[in-house]
Structure formats: C-alpha cells, structure tokens
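In what follows, a structure is listed as structure tokens, so that the remarks can point back to it.
Bear in mind that the values in this text are calculations on the coordinates, not laboratory data. The structure displayed is predicted, hence computed values, not measured ones. Cβ sites come from the backbone with ideal geometry, for glycine too, and all protein chains shown count toward neighbours.
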Amino acid sequence: KMAQTFTGLKLQGEVGKFGQLELSDVYGYYELPDGKAVCGTEEGNMILWEGNLVKAHLVLDVPKDANSKPKPLHEGCINLILFENEMFITVGADGFIKWWSLNEIDNAEMDETPHVPITSIKEIEIKTEAGDHACLVDMVKCDDFWLLQDANGFLWKLECESQRSEQIKEFQSGSINEMALSDAYNLALTIGDDGTCRLQDFVRKKELYKRKFTGRGLCCDLLKRSEANKGRVAALGFSNGIVRIVALAETQ
C-alpha cells in the first residue's frame, strides 16, 4: 500500500512526469489522504499529482492566447505548503501567504490544457514599513500567532486574529562565513554573505554592533585587547579584495 502513495514513489526514486509543463524544483508539498499530492513550483504555481502524473497545473488565470504563460499564484517560488481547516496555505518568496480551498484543488481536472485556474480565499502581504517584501521560506503555528522566517534575515510574528505582522528579530541573511571570539569579553563577531558584520554579547543575548558593507563578507578577527583598543577593533575581509579595520562602537 505504501508503494502506491506519494511518499512511496519518492522512496522508490520515481521521477514525476511533468508532461507539457516545464521541469521545476519542488520546495513545498502536501500529500492528501487519498494519495494525491500538491506541490509548489519555482514559477509560483501548484501542481496536483496523481501518482507520478500531473492531474492539474493550478494557476491564477489562464490566458486566451495559447502562447502566453498563465498568471501564477505567487510572483516567485512557493517555499512551503501547509494544510489547516480544510484549506491549503501557500508561503511564497514574494512575501505573500495565501489560503486555498481543498475542494477546489482536489476536484481540479485538466481539459485541453493542463492549466486550471483557482481563486484564493484570503491572502496576507508581509512587507517592511519601507515597502520591501519579505522572502518567506518557512512558517510555524504557535498558540494564537504564526512565526515567519524571512530569507532577508528577519523573523516575523503574524497574529492570527488581527493579521497584524511585525518584525521581532533580525539576523544575517545567507551564510555566516566566520566567527571570532573576544579574548576579554563574552563577545562574538560574525560576518556573512550579506556583507553584514554583527557583534553579539552571547551571555546577555544582546546585539551590540551591526553594519553592512559592500561585498560578501568572508573572514573576520578581533584584535587582542589593549588599553588603546578596549577589545573593540576588528579586521574584516571581503570578496572584492578589501580588508576593513573597524572600531566596534556599541549601536544605540
């Protein structure tokens, strides 16, 4: 029985037959009790699978011109698909969270083309006060709110009832390439791909310094403490060949 499920097909190494659709990496998927499965695509659409065959390509709108691409559900990759209260929830790199009807998706059936339009029940846009969209990669349900992971280096809190969102934590986005520890204080300096260096007091759990530079940050070191530098001078190396010597004054 397990061999006939979507998980069983994956364990057997079965390759999904995309047919008329472009091949796509899959980041988020959800398996239905009857064995069908829904997955997201890089283009921002969903695919309904029956076994390893496409049952329907779920889009927002199907163009009349056969040579035109359908309007996607998200303007970017769908990174996560959840299921709650008879609704699918998609989390996209475009900063949107959208809810979709189980019945509409489960009953989708392609006709002359594999594209089947569906309509969202509701959607929430996550963006900063400056209007920059979050790049959502994960979402976890707590008691009365959701925690959202933003690839731009933020952690968001989304209240279920009011649907109000706020940034509650900021991190480095991308890889942290090196960390240096102070020889005198409980301090750790990190540098990463986003060009940001951060100084953390890991005992008080407080960020003391943050600054973003041009280029990918590759390496860092804290100079040995002296009366002159007070243990707050660091050397930073970047992918563009620049080495910067910075004084890590505490950010107010």
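When the chain is fully extended, how far beyond the present Cα-Cα distance does A151 get from R211, taking 0.36 nm per residue of separation?
On the way: separation 60, 0.36 × 60 = 21.60 nm, distance 1.81 nm.
Residue separation times 0.36 nm, minus the Cα-Cα distance, leaves 19.8 nm.
What residues have an amide H closer than 5 Å to that of D138, excluding those fewer than 5 places away on the same chain, when H is modeled at 1.01 Å from N in the peptide plane?
Q149
In the structure shown, do any of K55/K141; K206/K230; K71/K98; K36/K157 have a Cα-Cα gap over 24 Å, and if so which?
Beyond 24 Å: K55/K141; K36/K157.
For the chain, what's the relative contact order in percent, using C-alpha pairs closer than 8 Å and at least 6 residues apart?
Reported relative contact order: 9 percent.
Enter the mean projected area of the convex hull around the alpha-carbon atoms of the chain, in nm², rounded to one decimal.
18.6
Would you kindly work out the equivalent ellipsoid of region 176-247 from its C-alpha gyration tensor and give its semi-axes, the square roots of five times the eigenvalues, largest first in whole Å?
Semi-axis lengths for region 176-247 are 20, 14, 9 Å.
Cross-link partners among lysines for K212, C-alpha distance below 18 Å, same-chain residues fewer than 8 apart left out?
K169
Arrange the following residues from fewest to most other Cβ atoms within 10 Å of their Cβ: C39, C142.
C142, C39
Can you pull a Stokes-Einstein diffusion coefficient for region 69-114 at 4 °C (1.567 mPa s), Rh from Kirkwood over Cα pairs, as a whole number of µm²/s?
110
Could you give me the ³J(HN,Hα) list for region 110-115, computed from phi with Karplus coefficients 6.51, -1.76, 1.60 and θ = phi - 60°, whole Hz, x at Gly and Pro?
6, 10, 6, 10, x, 7
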